[in-house]
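Participant: The structure under discussion is supplied below as structure tokens; questions concerning it will follow.
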Amino acid sequence: MPFSVYVIKSVTPGKLYTGQTQQLDKRLLQHNDGSSPYTKNRGPWVLIYEETFATRAEAMAEEKFLKTGKGREFLKNKIGQSN
């Protein structure tokens, strides 16, 4: 089963959250039902970017990259986000 790196955006405040998971549908439900501490009370959340990888190590490396300045710039160019 592949691993996904994802970026979700809060509809209300427009915040972004980056994570990785093996079960993206289940993880998105957790973000929207308040099960995830960071995203709780900040939603609803919508998926704006996803990339899949064969291994968890690859997904974790990409998640780490997306949280850097260069990674945020990549996302800005890729999906047109200013955050």
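The values are calculated or read from the model by the stated rules, or taken from the named source; none is laboratory data. What you see is a predicted model, and the numbers here were worked out from it, not measured in a lab. Every residue, glycine as well, gets a Cβ built from its backbone with ideal geometry; the counts of neighbours run over all protein chains shown. Calculation scope for accessible area: heavy atoms of the full protein, side chains included, ligands and nucleic acids excluded. Shrake-Rupley method; radii C 1.70, N 1.55, O 1.52, S 1.80 Å.
Participant: In whole percent, how big is the carbon plus sulfur part of the accessible area of the range 14-83, probe 1.4 Å, protein atoms only?
Facilitator: Working: 2270 of 4640 Å².
Here it works out to 49 percent.
Participant: From the convex hull of the Cα coordinates of the chain, what is the mean projected area in square nanometres?
Facilitator: Working: hull surface 20.5 nm².
If I average the Cα hull's projected area over directions, I get 5.1 nm².
Participant: Would you list, by chain and number, the aspartates and glutamates whose Cα falls below 13 Å from the Cα of Lys26, excluding same-chain residues fewer than 8 positions away?
Facilitator: Lys26 reaches no qualifying aspartates and glutamates.
Participant: Would you calculate, for the chain, the mean residue ellipticity at 222 nm contributed by helices, counting each DSSP H stretch of 4 or more residues as -39,500 (n - 2.57) and dividing by all residues, to the nearest 500?
Facilitator: Details: 3 runs with 32 residues, N = 83.
That calculation yields -11500 deg cm²/dmol at 222 nm.
Participant: In addition: Placing +1 at every Lys and Arg Cβ and -1 at every Asp and Glu Cβ, with all other atoms neutral, what dipole size does the chain have around its Cα centre, in debye to the nearest 20? The partial results should precede the final answer.
Facilitator: Values: 13 positive and 8 negative charges, 67 e Å.
With Lys and Arg at +1 and Asp and Glu at -1, about 320 debye.
Participant: Mean separation of Cα pairs under 8 Å and 6+ residues apart, divided by the residue count of the chain: what relative contact order is that in percent?
Facilitator: On the way: 122 pairs, mean separation 29.0, N = 83.
Answer for the chain is 35 percent.
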